[in-house]
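First up is the structure itself, then whatever we jot down about it.
Readers should treat all values here as calculations from the given coordinates under stated rules, not as data from a laboratory. Remember, it's a predicted structure, so these values are computed and weren't measured experimentally. All Cβ positions, even for glycine, are placed from backbone atoms using ideal geometry, and neighbour counts span all protein chains on display.
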Amino acid sequence: MAAVQFRRGVAMSDLSSSSLQVDPAFAADYVASMLAELRRLARGNGLMTLAYLLEMAELEAKSAAADLDPHGMPLPQRSGRLR
């Protein structure tokens, strides 16, 4: 299978290697992207419960990505945000 480009020139197949270190925000964003693909696959094949669970995981990954700076440090809390 050919490597697919994701972001910052990093191939998705490269990110599966345990030796590759990326910043936590990038990793969370990548995981969210993969979960979105899996959710569409599940939904398109009638696996609605699985699609729902994947969507919940995708939302959590997006939230994690939004809460971290590129160095993995928590961003200051935004006012009005529930947590």
Packing-based order for 42-50, 59-67, using average beta carbon neighbours within 10 Å, highest first:
59-67, 42-50
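So what's the convex hull volume per residue for the Cα atoms of segment 21-66, in Å³?
Each residue corresponds to 50 Å³ of Cα convex hull volume.
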